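Participant: There's a structure below that I have some questions on.
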Amino acid sequence: MKDTPLSNCERDFLLKAIEEKKRLDGRQTYDYRKMKITFGTDYGCCFVDLGKTRVMAQVSCELVTPKENRPNEGIMFFNIELSPMASPAFEQGRQSELSVKLNRQLERCLRNSKCIDTESLCVVSGEKVWQIRVDVHMLNHDGNLMDAASIAAITALCHFRRPDVGIQGDEVTVYSPEERDPIPLSIYHMPISVSFSFFQQGTYLLVDPCEREERVMDGLLMIAMNKHREICSIQSSGGIMLLKEQVMRCSKIASVKVSEITELLSKALENDKKARKEGGRCGFAESMPQERITALKMDETSVEMTDVTERAKDIVQKTEAPPQLVRSPVVPVPGVGQVGQGLQNTWGLEEEDEEETEECDNSDEEQEEKVTKMEEEEHEKEASREGDVVEISDSEEEDVVILHPETPDKTPKNTESRSHQKGAAASKKRQKK
């Protein structure tokens with residue numbers, strides 16, 4: 001799944017804000033986001049929050065055979081996993097270009113800088129050495145993954161303790177933490193990566209870019225340095241041409257940031273060490289408040305129950321009488337309800353109901369008037385039809401019958417009409433013959 005691209009309006013807004021030396025989260029040009037370092041229950045588990053970017057590093061070890069060209073040195077292995085949980089752009093089980101780039105940069109920063117004494121990891125020369133594996137998991141992606149990954153990896157290595165080993169002849173025994181105290185790794189220095197993003201072909205510079213700023217940037221410069229101002233690695237990407245003065249300025253800024261991050265890192269390690277020695281809460285238990293886990297367990301509070309009735313009587317006597325309720329002069333608006341003592345328990349819809357009933361009555365009266373008019377018209381039509389003559393003709397029958405209303409006064413006319421009808425029928429028969 002691909003990332004949703006930035007619209008032209010968002011891109012122009014970000015570039016214009018950077019030109020005015022403003023950032024989306026209110027930081028200054030050379031400011032880092034808020035950093036938080038926490039540790040897990042076991043040794044070697046570290047969580048780093050850099051703003052909304054969240055990274056977890058886990059260190060593990062095992063006994064393996066060394067390399068042939070270096071039989072007296074241990075093995076360092078780094079693995080960075082970009083899970084879809086961090087960003088929908090990351091695909092599970094498929095190594096992307098970003099993961100390869102971050103993995104190589106982390107190896108240059110930690111392994112090639114010789115920050116860890118690999119010779120101290122040797123157990124038996126040419127046969128058994130410790131392999132230290134650092135797994136870095138991206139939990140949330142909001143920009144500057146390299147800085148968060150390097151801080152999490154070096155902190156987890158400083159926090160890690162490997163089990164003690166005993167050698168008797170050809171036998172190698174690994175002691176558990178209950179039998180012997182685990183041994184920390186020998187670390188010479190702590191290299192930390194600092195990222196710089198360039199905009200407008202190197203005209204503008206930002207430290208610790210967020211995810212949206214990384215989409216708009218033209219180039220990226222990553223400098224790994226320790227607190228002794230020794231550059232461990234440097235990498236530029238994006239295809240921009242940087243001047244010597246720009247690189248020197250970035251290295252000076254990086255030295256200041258690295259010293260601040262190293263102090264924060266060392267304080268976090270000291271606090272965790274003290275908490276573990278004192279037997280206090282550490283790791284996952286430290287992040288959970290006691291009130292939330294044991295919600296039903298509360299501290300008992302002592303309550304004095306002596307002379308309660310006398311105090312209650314004194315309080316009742318001293319209290320003033322409540323003020324009398326005054327009816328509110330507010331007239332209820334239609335659609336507003338009134339409920340309470342001395343008020344009308346209505347919803348203010350009586351007027352509307354009365355209007356509706358009046359309209360219904362008027363409509364019923366109109367309908368009755370229409371019905372009466374229709375009945376009168378029908379009676380008039382029937383009366384007019386009684387005096388007319390109705391003729392019924394049939395194409396199949398030859399005889400034509402004329403019906404007259406029965407009236408006692410007009411008998412001779414009926415006889416004349418019948419004779420005339422017979423004469424007409426006889427004339428038609430003759431014509432057919």
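The values are calculated or read from the model by the stated rules, or taken from the named source; none is laboratory data. What you are looking at is a predicted structure, and each value in this text was computed from that prediction instead of being measured. Note that each Cβ is placed from the backbone with ideal geometry, even for glycine, and that neighbours are counted across all protein chains shown. The accessibility values were calculated without ligands, DNA or RNA, using every heavy atom of the protein model including side chains. Shrake-Rupley method; radii C 1.70, N 1.55, O 1.52, S 1.80 Å.
Participant: Pairs please, first residue from segment 127-139 and touching a residue at least 40 places away in the same chain (Cβ under 8 Å), second anywhere and of a type in the set (Ser, Thr, Tyr) and surrounded by fewer than 23 Cβ atoms within 10 Å (Cβ to Cβ), Cβ atoms under 6 Å, 6+ apart in sequence or on different chains.
Facilitator: Short answer, once both residue conditions are applied: Arg133/Ser60.
Participant: Can you name the condition, by its number, that Ser186 falls short on among (1) over 20 Å from Val48 (Cβ atoms); (2) free of Cβ contacts under 8 Å to residues at least 60 places away in the same chain?
Facilitator: (2)
Participant: Taking the stated definitions as given, is Val59 in contact (Cβ under 8 Å) with a residue 12 or more places away in the chain and more than 26 Å from the chain's Cα centre (by Cα)?
Facilitator: So Val59 fits the description; yes.
Participant: Separate question: Among the residues of segment 165-191 satisfying the criterion of being touching a Lys or Arg at 6+ places or on another chain (Cβ under 8 Å) and aliphatic (A, V, I, L, M), which is least open to solvent (accessible area, probe 1.4 Å)?
Facilitator: Taking the candidates together, the pick is Leu185.
Participant: So which strands (runs of 3 or more DSSP E) stay within segment 115-229 end to end and still have 1 or more residues that are under 32 Å from the mean Cα position of the chain (by Cα) and either closer than 30 Å to Pro5 by Cβ or at pLDDT below 95 (or both)?
Facilitator: Strands (runs of 3 or more DSSP E) meeting the threshold: 128-140, 192-199, 204-207, 219-225.
Participant: Another question, if that's okay. With the requirement that a residue be surrounded by 17 or more Cβ atoms within 10 Å (Cβ to Cβ) and within 20 Å of Val100 (Cα to Cα), what does segment 65-84 give you?
Facilitator: Here is the first cut: in segment 65-84, the residues surrounded by 17 or more Cβ atoms within 10 Å (Cβ to Cβ) are 66, 73-76, 78, 80, 82.
Those that are surrounded by 17 or more Cβ atoms within 10 Å (Cβ to Cβ) and within 20 Å of Val100 (Cα to Cα): Ile75, Met76, Phe78, Ile80, Leu82.
Participant: Within segment 232-248, restricting attention to residues that are out of contact with any strand residue (DSSP E or B) (no Cβ under 6 Å at 6 or more places or on another chain) and without any contact (Cβ under 8 Å) to a residue 24 or more places away in the chain, which residue is surrounded by the most Cβ atoms within 10 Å (Cβ to Cβ)?
Facilitator: Met248
Participant: Go through segment 16-53 and count every residue that is of a type in the set (Val, Ile, Thr) and either open to solvent by 40 Å² or more (accessible area, probe 1.4 Å) or closer than 18 Å to Leu205 by Cβ (or both).
Facilitator: Initially, segment 16-53 is screened for residues of a type in the set (Val, Ile, Thr), giving 18, 29, 37-38, 41, 48, 53.
This time we only want the ones that are either open to solvent by 40 Å² or more (accessible area, probe 1.4 Å) or closer than 18 Å to Leu205 by Cβ (or both), so: 18, 29, 38, 41.
Going through segment 16-53 one residue at a time, the tally reaches 4.
Participant: Looking only at segment 54-64, count how many residues are open to solvent by less than 40 Å² (accessible area, probe 1.4 Å) and among the charged types (D, E, K, R).
Facilitator: Selection size over segment 54-64: 0.
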